[in-house]
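Only one structure is covered here, and it is reproduced in the block below.
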Amino acid sequence: MKKINYLRTMVLSGVVLFLSGCNLELQERFVFEPDVDLTDPFDNLTAWGFFNSPQALALNEEGEFIGDNYNYMAAAVEAAGMIDVYNTPNSGRTFLMLNNNAFLGNNDVIDLITGSEEVLEGETPEQVMARADTDVLRLILQYHIIDTYITQNDPLTEFGVNYEFQTLIPGEAGKIVLRRDDRLRIDINRNPAPLPSTATGGGNNERVRNYNYVFSNGIGHSLNDPVRNQPYPAPNN
């Protein structure tokens, strides 16, 4: 008898809940809105436009160049007479962008184009480029532009595999090799690669620092140090 009363109570409770639930308003459809902005913030700019944007030229609170920005890169492109290369519509290119760190230090760009890593106190990037060998500078910039649009998984579809591409330097001297790992990190000219030892050894290879700057004329990835296939000529100063 107790069991029958218990079942009756449960059924009545269910009916009451059902009837009361019919009076509740329907909940609005949930729309997920991520906190992270997933749009490409520079897709309306060319690579040259980005190098001249506030984000690329920012200074720190002491008025010094921030290492991961592009104050020197902007001055270098202009000094090399290559603005059109970075500014012309061409959606099929990858720009290996040399940040400020890639210019400063032993065997970095300023050392390669002037013969000395020293930057005088108060010297601006434009003043540094004024004493650079522009022929060497132009070669360095040309080697850091690839004639293929490269993301972290297209055409780098397999990890641990070397993919060979052509830079703006023609022939064997312009070959460059990219390889990604299972964490989508990209290494450039790392051993073993189908390139001479001048490209893969002695600290001339590099891992990409920041990825996927989508521009209106291609895509950019930033580097902390320059890469090469063959040694760049000594500056003629």
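Observations on the model:
- Just so you know, in region 62-71 the residues that are more than 15 Å from the chain's Cα centre (by Cα) and either β-branched (V, I, T) or at pLDDT 90 or above (or both) include one that is surrounded by the most Cβ atoms within 10 Å (Cβ to Cβ), and it is N71.
- Only one entry in A132, A74, A102 is crowded, with 19+ Cβ neighbours inside 10 Å, in contact (Cβ under 8 Å) with a residue 12 or more places away in the chain and touching an Asp or Glu at 6+ places or on another chain (Cβ under 8 Å), namely A102.
- Output for region 113-159, where each listed residue is more than 19 Å from N100 (Cβ to Cβ) and of a type in the set (G, A, S): G115
- Single condition E158 does not satisfy, out of (1) buried (at least 16 other Cβ atoms within 10 Å of the Cβ); (2) at pLDDT 95 or above; (3) more than 27 Å from T46 (Cβ to Cβ): (1)
- Condition met for I140 (open to solvent by less than 10 Å² (accessible area, probe 1.4 Å), in a loop (DSSP other than H, G, I, E, B), touching a residue at least 12 places away in the same chain (Cβ under 8 Å) and closer than 30 Å to L184 by Cα): no
- Residues that are under 26 Å from the mean Cα position of the chain (by Cα) and open to solvent by 50 Å² or more (accessible area, probe 1.4 Å), drawn from region 105-123: N106, N107, E117
- Meets criteria (at pLDDT below 95, open to solvent by 50 Å² or more (accessible area, probe 1.4 Å) and touching a Phe, Trp or Tyr at 6+ places or on another chain (Cβ under 8 Å)) for L59: yes
- Screening region 179-237 for strands (runs of 3 or more DSSP E) wholly inside it with 1 or more residues that are in contact with a Cys (Cβ under 9 Å, 6 or more places away or on another chain) returns no ranges.
- For region 181-200, a residue qualifies if it is open to solvent by less than 40 Å² (accessible area, probe 1.4 Å) and either within 21 Å of the chain's Cα centre (by Cα) or among the acidic types (D, E) (or both), and the qualifying residues are D181, I186, D187, I188, N189, A199, T200.
The values are calculated or read from the model by the stated rules, or taken from the named source; none is laboratory data. What you see is a predicted model; the values in this text were computed from it and never measured. Heads up, the Cβs are rebuilt from the backbone with ideal geometry, glycines too, and the neighbour counts pull from every protein chain shown. Surface areas here come from the heavy atoms of the whole protein model, side chains and all, with no ligands, DNA or RNA. Shrake-Rupley method; radii C 1.70, N 1.55, O 1.52, S 1.80 Å.
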